[in-house]
Amino acid sequence: MKKFNIRKVLDGLTAASSSSSSPAAQVGAAKENDAVPETLQSEHFQLCKTVRHGFPYQPSSMAFDPVQKILAVGTQNGALRLFGRAGVECFCQHESGAAVIQLQFLINEGALVSALADDSIHLWNLRQKIPAILHSLKFNRERITYCHLPFQSKWLYIGTERGNIHIVNVESFTLSGYVIMWNKAIELSTKTHPGPVVHISDNPMDEGKLLIGFECGVVVLWDLKSKKADYRYNYDEAIHSVAWHHEGKQFVCSHSDGTLTMWNIRTPAKPAQIITPHGKQPKDGKKPEPCKPILKVEYKSTRAGDSFMVLSGGLSYDTVGRRACLTVMHGKSTAVLEMDFPIVDFLTLCETPYPNDFQEPYAVVVLLERDLVVIDLGQIGYPIFENPYPLSIHESPVTCCEYFADCPAELIPALYSVGSRQKRQGYSKKDWPVSGGNWGQGTQSYPEIIITGHADGSVKFWDASALMLQVLYKLKTAKVFERARGKEEKANTDIVDEDPFAIQTLCWCPESRMLCVAGVSAHVIVYRFSKQETTAEVQLLEVRMQCDLSDVESPDTAGDQTPTRHSPVNESPQEAEPPAVASTQSAAGGNNSNSSADGPRDNIPCLQVRSSPLKQSPGYQVELLVQLVWVSGEPPQQITSLAINSSYGLVVFGNSNGLAVVDYLQKTLLLNLGTSQLYSPSEPSQRQPCSPRKTRQPSGVLCDSTDGPSAAEERCKSPNSGSTSPCNSDDDRKAKFIEKARMSRKISSCNEQKPNPDSKDNSFSRSRSSSVTSIDRESRDAVCAFCFCETFPRKSTDGTTSPCMLVGTTQGSVILVALSLPHGDDQRLLQPIGISSCGTVARLKGGILTMALLDASGSLLSASHEPWYDPNSSDEEKEKEKSRWRRPASPPSWQEGQDSQFAVLCSEKQAKVLAMPSQTRVYKHNITESSFVLRADVVCMAGTNCIACFCANGHIMTLSLPSLRPLVDVNYLPLTDMRIARTFCFSNLGQALYLTSPTEVQRITYSQETCDNLQEMLSELFTPVETPEAPNRGFFKGLFGGGAQSLDREDLFGETASGKASRSLAQHIPGPGNMEGMKGAASGVVGDLARARIALDERGQKLGELEERTAAMMASADSFSKHAHDMMLKYKDKKWYQL
């Protein structure tokens, strides 16, 4: 079938998308299309990025605008992240992807200069909501090492690896002819090259004096006017940074041996003082022992007391293993502040932007490799500020993610109320100092919640409304388990080497607030939400799930078989543990499972549950813990699919062995089956060839699968084991392949904590044929998707719907399972739930991804659920809330021979729509032939529903419902690593997200309406703020010339004075945002230039018009003068009476 890749698809081409259907199905499709009008068109869709959250991945540089209060962070992959007040964030990307080595704000001008590792500099316009590059300059012959832009100057100093300094006009981004060559800066007697330029700054009190620091240890004070060096300062150790005192009489250098040298500018012979902050001072007066390099130092003065000196590095070499530290020296006191991660950069925030005034530092922003910390210098003990940004997403690596848009309005306040009690204490009481920008004015205000599961077992709830992100609540699932004390104890039962508590997948019901999480150690935890604290023992249920392979030897049929029983209602899970374990093993497996103390482990869970009562704070509290146990020496398989229904009180989960259904109200196991046992005996084609086996009694009530021969269970090797048995060759390779391709959320936290570009997990490519390959036929059928619904359990029914469950497998089968619930709330807790398989409904190519039901009008039929009630409230309130439980809605009117529902099924390759209860296919669409779908969801969009798909080849597609018309197909994002596949998820109202790096979440929209309103929704970085007044020079300083000396740089660096620079040195590249920047700029250096050019054009036009009018007036005046002269001559000699 032809694949539609065009953006707009005519309604009349619907039949082409279902061309593979039978004629009868096509006729039925046409009828249904007439009966179900579809309003979604391709005009409703447009794909674009909205906002990026999280910590900048691999940061490399930082800058701060002290007037606008905006912080900029550059990364090693060429990204820019700009932060203002809480909720004001912006993401930009350099096209080259080169690392950002330095950032410089044009203070209070709404512009930013970035220097990259590819020797290019760029000017960004921050006056528009989506910043754009105005100009770029690419150096061809020299490598950029340092940049400096003086306050209120348009001339940018650029130091290079060769030791030269070039000057760039930031208005036009052209090079000046003024160049400071390294051989003129250093002494002529010096025989060696001084190395790269590591520092440039002008004297705070004299703009005509430029301080240049070379890596070798030489510092030069250069006179810009006379073009010669005034003083040279030499030291034996390499220089890393230089900082001025605000009076311009002293500066301090940090060196590679851990020392600080203080210099008086008029005493270049030797340093005025040498300080080793962390060196041990010998008693005999010798030189202190060398320490680690001091990478950066800043020297800030105050009016009322001693100056601050802040530095990073410089620790003693004997402090092996000690964490990175920031040292704050204030007067005689020295404070060493340990950081959790290595320091990338730091900046001291001061009250004034003028370098020649008292700085009055009040905070230090420290950029770490994986965190951003702001330290309060004004309080004793230097406490840190509470960070308002969502930078803790990567606190533990994200392993799974879910996105919920248009949630119940009361959810966010409820989660915030319990999450606010989890906040740490001891933060600074002052407001967050990075407070620039303004929030967006978007009209879309529906509640949005993002849930992230992490490698340490934690689950975080985030408020994602209005393009912002704020953590609401954090749940620690590892609290229910005992922590392993030693490596030997850990190695006994764990099935993963690291992070045994990591979240594999999760399921959440926003209406009932029920939460269910599955971990990598084959455990499932059911949580209820409560506003009251409680202390109770953890309710435990152990489940024994075995591999059900058919291509193994036939087991002995003479052994006894233990049937599965339901636990008595009045027993606790601990008391009912032996019956609750599904003992469905074969006799052969049972004979050797516990033959000796040293024999294979059996009936042992991977994690040990806490034996003592668990104190649980308000929030999510454990309702039930389900653990899969070892079977005959083989570990349980990781859980790959999970679903919960609060109305039925059921949790269902599946893995490569089969599925299990648990009643979390009665704390009992209802069903535990291999996947093949779900098929009806009348479906031999769905079963794999098998040897004769003994029959067994399955768990629960299974009507169709107990009549025919059932498959006995045999041991199955884990995919991680190295066995070459039949169940571990093609089958396990296929199982692992399916797990990765279909986002089974395998944990790769070690790769994400320490990124390795050569890691196999960071690259992902796959090509599958559309036909079913031999591997597909030979691999075992694993459960991969669930859907609770209320539908017709059979093709011929009495006309009523009943609770059911759709089960999807990796082989593309969709199986319908009927649920028989007791009537009445009282009977619900006393009688077991009946479960029966109704056979296969449909079969698709590829594994099943999502399933849903629509009514006859095309509206989504959501699974029934109960409203939330507090389980720890009083009996009266609980009964009052229970009376409001939402029970299954009254079944729709149904007449014999008519279908009243649509079943929507989507796999890795296809999408189908079936009419229910007849189970006839009415629509079919082949989504992709060369690739496969990674994520598919039925979402609400513009008041109706559609299927949203994300393919491994990077395409994002949407299909209408129920006709499966292609609406949009955009090649958005090629799949480059498993992180995207594991975390990509769609939500209602045209929203989606994925983890674009180990620390960042990228949100996108496929809604045309959201794209149209995006400009209004985005925050503003630049706000008009008056620049503070310059410090008063004072009467005597102005009289005797002791104040700051200004410099007319235009006279020095302009083309008239310095000439033109070499064209081969650098290449000017106009930016894509040049015109937008000129239109958007309102003031400042760049804005003034744009306005001046426009004004000059207008002035030229006006002057031309004025010149024309003046010429006309002059001609008229000449004519008048001539006529007047003629009149005078005519009447000159005549008397008055002769006139």
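The values are calculated or read from the model by the stated rules, or taken from the named source; none is laboratory data. Please read these numbers as outputs of a predicted model, since none were measured by experiment. No Cβ is skipped: glycine too gets one built from the backbone with ideal geometry, and neighbour counts run over all protein chains shown. Keep in mind that these areas ignore ligands, DNA and RNA; they rest on the heavy atoms of the full protein, side chains included. Shrake-Rupley method; radii C 1.70, N 1.55, O 1.52, S 1.80 Å.
Key figures
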read-out: Those residues of the range 376-401 which are part of a loop (DSSP other than H, G, I, E, B) and within 30 Å of Thr505 (Cβ to Cβ), in sequence order; value: Asn387, Tyr389, Pro390, Leu391, Ser392, Ile393, His394, Glu395, Ser396, Pro397
read-out: Filtered residue count, the range 844-876, keeping only those that are open to solvent by 50 Å² or more (accessible area, probe 1.4 Å) and either of a type in the set (Asp, Glu) or without any contact (Cβ under 8 Å) to a residue 60 or more places away in the chain (or both); value: 4
read-out: Answer from Leu372, Leu349, Leu377 - the residue that is touching a residue at least 12 places away in the same chain (Cβ under 8 Å) and over 30 Å from Asn1032 (Cβ atoms); value: Leu372
read-out: Selection within the range 637-647 - open to solvent by less than 10 Å² (accessible area, probe 1.4 Å) and either touching a Lys or Arg at 6+ places or on another chain (Cβ under 9 Å) or on the phi > 0 side of the Ramachandran plot (or both); value: Ser646, Ser647
read-out: Subset of the range 484-503 (residues that are modelled with pLDDT of 80 or more and open to solvent by 30 Å² or more (accessible area, probe 1.4 Å)); value: Glu498, Asp499
read-out: Any hit, the range 138-159, residues being out of contact with any Gly (no Cβ under 8 Å at 6 or more places or on another chain), hydroxyl-bearing (Ser, Thr, Tyr) and open to solvent by 20 Å² or more (accessible area, probe 1.4 Å); value: no
read-out: Any hit, the range 367-385, residues being within 32 Å of the chain's Cα centre (by Cα), among the aliphatic types (A, V, I, L, M) and open to solvent by 50 Å² or more (accessible area, probe 1.4 Å); value: yes
read-out: Single unsatisfied condition, Ile833 versus (1) open to solvent by less than 30 Å² (accessible area, probe 1.4 Å); (2) modelled with pLDDT under 90; value: (2)
read-out: Wholly enclosed strands (runs of 3 or more DSSP E) of the range 241-319 bearing at least 2 residues of a type in the set (Val, Ile, Thr); value: 273-275, 294-300
read-out: All positions within the range 199-238 that are of a type in the set (D, E, K, R), over 16 Å from Lys296 (Cα atoms) and touching an Asp or Glu at 6+ places or on another chain (Cβ under 8 Å); value: Lys209, Asp223, Asp230, Arg232
read-out: Filtered residues of the range 641-666 (kept if over 17 Å from Glu866 (Cα atoms), in contact with a strand residue (DSSP E or B) (Cβ under 6 Å, 6 or more places away or on another chain) and not in a strand (DSSP E or B)); value: none
read-out: Hits in the range 1044-1060 - residues which are without any contact (Cβ under 8 Å) to a residue 60 or more places away in the chain and either in contact with a Pro (Cβ under 7 Å, 6 or more places away or on another chain) or under 13 Å from Glu171 (Cβ atoms) (or both); value: Glu1050
read-out: Residue ID - nearest to the chain's Cα centre (by Cα), chosen from residues in the range 119-146 that are more than 27 Å from Gly213 (Cα to Cα) and part of a strand (DSSP E or B); value: Ala132
read-out: Only one of Asn945, Asn953 that is in a loop (DSSP other than H, G, I, E, B), touching a residue at least 24 places away in the same chain (Cβ under 8 Å) and more than 30 Å from Trp439 (Cβ to Cβ); value: Asn953
read-out: Single residue of Leu914, Leu973, Leu964, Leu959 found to be buried (at least 23 other Cβ atoms within 10 Å of the Cβ) and not in a strand (DSSP E or B); value: Leu964
read-out: Residues located in the range 52-80, provided they are assigned to a strand (DSSP E or B), open to solvent by 10 Å² or more (accessible area, probe 1.4 Å) and under 19 Å from Thr1023 (Cβ atoms); value: Phe64
read-out: Candidates His199, His246, filtered to the one that is at pLDDT 95 or above and open to solvent by 10 Å² or more (accessible area, probe 1.4 Å); value: His199
read-out: Ser420 being over 24 Å from Arg528 (Cα atoms), open to solvent by 10 Å² or more (accessible area, probe 1.4 Å) and either touching a residue at least 24 places away in the same chain (Cβ under 8 Å) or out of contact with any strand residue (DSSP E or B) (no Cβ under 8 Å at 6 or more places or on another chain) (or both); value: no
read-out: Exclusive hit being open to solvent by less than 10 Å² (accessible area, probe 1.4 Å), touching a Cys at 6+ places or on another chain (Cβ under 8 Å) and farther than 29 Å from Arg127 by Cα, set Thr399, Thr452; value: Thr452
read-out: Residue list for the range 164-175, filter: under 17 Å from Ala115 (Cβ atoms) and either open to solvent by less than 10 Å² (accessible area, probe 1.4 Å) or out of contact with any His (no Cβ under 7 Å at 6 or more places or on another chain) (or both); value: Asn164, Ile165, His166, Ile167, Val168, Asn169, Val170, Phe173
read-out: Filter result for Phe83 (surrounded by 22 or more Cβ atoms within 10 Å (Cβ to Cβ), modelled with pLDDT of 95 or more and within 29 Å of Gln470 (Cα to Cα)); value: yes
read-out: Of all residues making up the range 959-975, the number that are more than 18 Å from Leu854 (Cβ to Cβ) and hydrophobic (A, V, I, L, M, F, W, C); value: 4
read-out: Filter result (touching a helix residue (DSSP H, G or I) at 6+ places or on another chain (Cβ under 8 Å) and modelled with pLDDT of 95 or more) within the range 207-221; value: Ile212, Phe214, Val220
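Residues checked against (1) more than 30 Å from Gly437 (Cβ to Cβ); (2) touching a Pro at 6+ places or on another chain (Cβ under 7 Å):
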site: Ile107; (1), (2): no, yes
site: Ala111; (1), (2): no, no
site: Ser114; (1), (2): no, no
site: Leu137; (1), (2): no, no
site: Tyr146; (1), (2): no, no
site: Leu149; (1), (2): no, no
site: Ile165; (1), (2): yes, no
site: Asn183; (1), (2): yes, no
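Yes or no, residue by residue, for (1) among the hydrophobic types (A, V, I, L, M, F, W, C); (2) in contact with a His (Cβ under 7 Å, 6 or more places away or on another chain); (3) more than 25 Å from Val220 (Cβ to Cβ):
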position: Lys270; (1), (2), (3): no, no, no
position: Ile274; (1), (2), (3): yes, no, no
position: Gly279; (1), (2), (3): no, no, yes
position: Lys286; (1), (2), (3): no, no, yes
position: Lys292; (1), (2), (3): no, no, yes
position: Val297; (1), (2), (3): yes, no, no
position: Thr302; (1), (2), (3): no, no, yes
position: Tyr317; (1), (2), (3): no, no, yes
